[in-house]
Amino acid sequence: MKVKDIAQKLNLTIISGESNLEREAENCFIGDLLSHVMSHAQSGDVWITVQGNINVIAVASLTDCAMVIICEGMKLDDAALKKAHLEEIPVFASEKSAYNLACELKELL
Amino acid sequence: MAENVMRLHYTVSDTDFAVAGEASSSVKKVLKQLGVPGEIIRKVSIAMYECEINMVIHADGGEIDVEITPEKIRMIHKDRGPGIKDIETAMQEGYSTADENVRELGFGAGMGLPNMKRYTDEMNITTVIGEGTTVDMTVYVKNK
Ligand SMILES: Nc1ncnc2c1ncn2[C@@H]1O[C@H](COP(=O)(O)OP(=O)(O)OP(=O)(O)O)[C@@H](O)[C@H]1O
Ligand SMILES: [Mg+2]
């Protein structure tokens, strides 16, 4: 499903990456340990995390995730926000837990 | 042969997480412009990112030299940090001495060195306790 449709169905708040919303997301990966995510996330994944620092954007870019969802009401910090805009990575925020997001995603992907 | 080498140099500052990853993203851009295949770029930039971050969180920053030829990409990361006591142990998945501060940022899974090993074709670590560590990695563009 397209990133923009997932965002709408899951009621996500868009933070960055407006130019990359047409991409197809294929799978989902949940994790907060960055180098673990680096070794397991796949290109085209929806990555769900509670981390909000600049390295999240670096890892999302390197693993070529389709979108990042910062869950449980966590925030991207300023440096991360700036880099997210610069790299045009679709990042979204949600108050929901990773579990709830994943349950909803299961019906969509 | 020698004319076909492109050399890049980066200085990684000690504890500035905000710029961590700059060198690897810069190399990623250069490789893209050179038309290097995506899967090679992915390997190089992931290995470099992990190594660059290690220089920041475990050492006091350092220097990175990258050599790009049509055949291979070599990345040499040199720091003046504390050195690694036991390389074999450090290479194990899950082994980490990362402190609480950097764990909060999501580091410390102990997967960085295993990732570098997995994504490169050659990897050599030389380290001297109290002097520093050099991680020398090569990714082949064409199959050897
Ligand atoms: N440049 C370095 N200087 C000194 N020690 C290092 C260096 N690189 C790695 N180490 C040591 O090796 C250990 C394992 O490194 P590795 O990158 O695999 O994991 P990590 O950095 O602790 O966590 P992660 O990479 O998963 O965030 C580190 O915890 C540290 O003790
Ligand atoms: Mg590491």
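Brief remarks on what is shown
- C-alpha center-to-center spacing [the stretch A:1-66, the stretch B:33-90] in angstrom: 24 Å
- Couplings 3J(HN,Hα) for the stretch A:43-56, derived from phi with the Karplus relation 6.51 cos²θ - 1.76 cosθ + 1.60 (θ = phi - 60°), are 4, x, 6, 8, 9, 10, 8, 9, 6, x, 9, 4, 5, 4 Hz, where x marks Gly and Pro.
- The shape of the stretch A:49-109 comes out oblate: with a ≥ b ≥ c from the C-alpha gyration tensor, a/c is at least 1.5 while a/b does not beat b/c.
- For B:46-56, mean number of other protein chain Cβ atoms within 10 Å: 3
- Radius of gyration and maximum dimension Dmax of the protein assembly as shown, Cα, Å: 18.3, 56
- On the basis of the beta-carbon distance and an R0 of 51 Å, A:Met1 and B:Val128 show a calculated FRET efficiency of 0.45.
- Overall dimensions of chain A by Cα: Rg and Dmax, Å: 11.9, 34
- Working from label points 7 Å from Cα in the Cα-to-Cβ sense, the B:Met91 to B:Asp14 distance is 3.1 nm.
- Under 5 Å between amide hydrogens, built in the peptide plane, is the criterion, and for A:Cys65 it picks out A:Gly44 among residues at least 5 positions away or on other chains.
- For the stretch B:107-116, 3J(HN,Hα) computed residue by residue from phi via the Karplus equation (6.51, -1.76, 1.60; θ = phi - 60°) reads 8, x, 6, x, 10, x, 4, x, 4, 4 Hz, glycine and proline entered as x.
- Karplus (6.51, -1.76, 1.60) ³J(HN,Hα), θ = phi - 60°, over the stretch A:73-87, in Hz, Gly and Pro reported as x: x, 6, 10, 7, 7, 4, 5, 5, 4, 4, 5, 4, 5, 4, 8
- Peptide B:110-119 - average C-beta neighbours from other chains (10 Å radius): 3
- Diffusion constant of the stretch B:56-137 at 4 °C, which comes from Stokes-Einstein with the Kirkwood Cα-pair radius and 1.567 mPa s, µm²/s: 96 µm²/s
- Size of charge dipole - chain B - debye, nearest 20, with Cβ of Lys, Arg +1 and Asp, Glu -1, no other charges: 700 debye
- Counting only DSSP H runs of at least 4 residues, each contributing -39500 (n - 2.57), and dividing by the residue count of chain A, the helix-based mean residue ellipticity at 222 nm comes to -11500 deg cm²/dmol.
- Residue (of B:Leu105, B:Gly132, B:Gly38) at the positive-pole extreme of the protein assembly as shown, dipole from beta-carbon charges: B:Gly38
- Note on the stretch B:99-144: Cα-only Rg and Dmax are 14.0, 42 Å.
Values in this text are rule-based calculations from the coordinates and carry no lab data. Only a predicted model underlies this, so the values are computations on that prediction, with no experimental measurement involved. Note that each Cβ is placed from the backbone with ideal geometry, even for glycine, and that neighbours are counted across all protein chains shown.
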